[in-house]
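The next block holds one structure in the form of structure tokens; read it before the comments.
Nothing in this text is a laboratory measurement; each read-out follows from the coordinates by a stated rule. The structure displayed is predicted, hence computed values, not measured ones. Cβ sites come from the backbone with ideal geometry, for glycine too, and all protein chains shown count toward neighbours.
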Amino acid sequence: MAKHYTKLIIEINEDITSKVTAVKGDVNSRYLDVQLFNDSVPLDLTSHTVTMSANSHPDSNFKVPINKFIDGVITDATNGRCQFELKTDILGQTDVLILQISIFSGQQEVLSTNPFNLYVIDGLRNDEQIEASNEFGALVVLFSEIQNALDDMHAIRDNFGTPSEESLQAGTDTFWKALEKSIKGSADLVAYDIPSKIGEETDEEPYNTVFGKLNRIIKLQLKDGEEIFREDGTFTVPEGVNQITVIACGGGGGGALNWNQSPSGGGGAACVKKTSSVTSGQKIQITIGKGGSGGVGGSSAQDANGKSGTATVVGNIVTCPPGQGGKDLSNDTGGASGGSGGGSGGNSKIDAGAGGNGENGLYGVGGKGSLINSRGFGGGGGSYGDGGNAATIVGESGKDGGYGAGGGAGSSKLPNSYTGGKGGNGIVIIRWGAGSD
């Protein structure tokens with residue numbers, strides 16, 4: 001059987017201005033579909049019941065005054081939705097009824113809406129007269145348009161979908177919220193992320209941006225050259241070259257592990273950039289320094305100290321001393337740098353705040369210190385690469401250093417499988433021609 005649902009949106013504390021009508025004599029077909037709000041928030045009807053009182057209007061002409069209570073059915077408790085059937089005893093006479101919805105918790109009334117009117121009207125239908133009138137065609141068109149509009153609304157809902165749990169958590173549960181978040185994300189990308197990767201026109205070492213790489217390409221034209229050594233080897237000076245620029249660093253020191261006390265970061269190795277005269281065909285032996293290992297747990301405090309790296313040697317042109325290892329020692333000053341261009345490791349502390357950051361190197365920045373359970377952990381010193389950061393939680397190894405840089409201090413936890421950060425191995429870069437500057 002066809003049923004008609006009159007939908008009402010009701011704010012508990014506001015007057016209800018909607019005009020509700022029903023046709024006299026309709027049976028098992030008229031319902032009020034109500035959604036209750038409190039200050040624009042759906043009223044939660046969980047564990048409640050709803051009842052609607054219906055009384056004759058003081059000025060009504062009802063032959064038999066009406067005083068009824070209609071039990072409602074809660075259809076969606078969390079969203080405040082409920083329904084009331086308008087039965088024959090309500091729709092038996094034409095006139096005006098005063099309706100009011102009440103919410104109960106158990107037997108106790110909790111909340112009521114403001115009263116509103118229901119207009120019960122006579123049915124005027126006469127099929128032959130309606131079909132013969134001009135109004136019938138207008139009604140057909142009107143209902144057709146209403147159905148088309150309803151189909152469109154359903155299509156919009158189906159195409160837009162309903163918010164997922166991820167959308168709700170991200171605060172993008174409506175189309176406009178999603179669009180606004182997308183606009184903001186694009187603005188952040190343009191303002192911060194992309195520029196940080198593209199860099200500036202003046203970017204130089206260590207060529208980690210688009211402009212930096214472009215400048216490197218411009219410098220290293222066809223007549224120019226570059227050779228990079230990460231392992232021991234021999235550099236042979238190309239024909240026609242009488243001057244080279246060497247960028248080199250030794251091995252960084254390993255970070256300590258807090259086995260008994262508080263660990264410091266490893267020191268960064270010396271890092272230099274030096275121009276030297278050479279002859280075509282000259283062979284230059286290159287030894288790459290190795291990074292020191294990080295401290296480990298063991299039977300003695302010495303095991304927890306980081307180990308020093310080894311030196312990098314480029315013929316008789318340059319020698320880059322290594323960084324020193326950090327120590328598991330209260331208020332230690334951190335592993336010493338290998339010399340100019342290397343940064344010392346961050347110091348350790350007990351009951352005095354976070355450990356120190358590693359010092360910056362010629363190109364790399366020092367690693368960050370941390371604080372764990374009143375113990376300050378030191379970061380690794382920088383060199384050509386960045387120093388390793390100290391552990392930030394119990395049971396975490398320190399981070400390894402970049403090229404020539406010191407490792408960060410680590411935090412022990414049984415079983416002992418954690419270490420201080422390893423110092424970075426050395427590197428040698430040899431350039432010639434216009435790109436050697």
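Count Lys and Arg as plus one, Asp and Glu as minus one, and take only other residues whose Cβ is under 9 Å from that of Ala248; the net charge is then +2. The Thr275 and Lys197 beta-carbon pair, evaluated with R₀ = 35 Å, returns a calculated FRET efficiency of approximately 0.70.
Would you kindly enumerate the cysteines in the chain that have no other Cys beta-carbon under 4.7 Å from their beta-carbon? Cysteines of the chain left without a disulfide-compatible partner: Cys82, Cys320.
Taking every C-alpha pair closer than 8 Å and separated by at least 6 residues, the mean separation divided by the residue count of the chain gives a relative contact order of 12 percent.
Beyond a 25 Å Cα-Cα separation, which of these cross-linked pairs lie in this structure: Lys197/Lys422; Lys7/Lys87; Lys274/Lys399; Lys24/Lys68; Lys290/Lys368? Don't skip to the answer; put the middle values down first.
Numbers: Lys197/Lys422 28 Å; Lys7/Lys87 17 Å; Lys274/Lys399 30 Å; Lys24/Lys68 17 Å; Lys290/Lys368 22 Å.
Among Lys197/Lys422; Lys7/Lys87; Lys274/Lys399; Lys24/Lys68; Lys290/Lys368, the Cα-Cα distance tops 25 Å for Lys197/Lys422; Lys274/Lys399.
For the pair Asp71 and Thr88, label points projected 7 Å from Cα toward Cβ lie 2.0 nm apart.
When the chain is treated as a GNM with alpha-carbon contacts under 10 Å, the residue of Phe37, Phe175, Phe377 showing the greatest mean-square fluctuation is Phe37. Taking Asn242, Asn67, Asn260 as the candidate residues, the one with maximal mean-square fluctuation in a Gaussian network model of the chain, Cα springs under 10 Å, is Asn67.
FRET efficiency for Lys283 and Asp303, Cβ-Cβ distance as r, R0 = 45 Å, nearest 0.05? After rounding to 0.05, the efficiency reads 0.60. Taking other residues whose beta carbon is less than 14 angstrom from the beta carbon of Asn55, and scoring Lys, Arg as +1 and Asp, Glu as -1, yields -2.
Once the other residues with Cβ under 15 Å from the Cβ of Gln261 are scored (Lys, Arg +1; Asp, Glu -1), what is the net sum? Working shown, then result.
Values: positive: Lys327, Lys349, Arg375; negative: Asp303, Asp328, Asp332, Asp351.
Surrounding charge for Gln261 is -1.
Would you compute, from DSSP H runs of 4+ residues alone, the mean residue ellipticity of the chain at 222 nm, taking -39500 (n - 2.57) per run and dividing by the full residue count, rounded to the nearest 500? Please list the in-between numbers first.
Numbers: 6 runs with 68 residues, N = 437.
Result for the chain, helices only: -5000 deg cm²/dmol.
Computed 3J(HN,Hα) for the range 381-394, one whole-Hz value per residue from the Karplus formula 6.51 cos²θ - 1.76 cosθ + 1.60 where θ = phi - 60°, is x, x, 8, 6, x, 7, x, x, 6, 6, 4, 10, 9, 5, glycine and proline marked x.
In a simple Cβ point-charge model (Lys, Arg +1; Asp, Glu -1; nothing else charged), the chain has a dipole of about 2420 debye relative to its Cα centre.
Sorting check: for 406-413, 348-355, which peptide has the highest mean count of neighbouring beta carbons within 10 Å, and how do the rest follow?
Details: 406-413: 37.2, 348-355: 19.4.
Highest mean packing first, the order is 406-413, 348-355.
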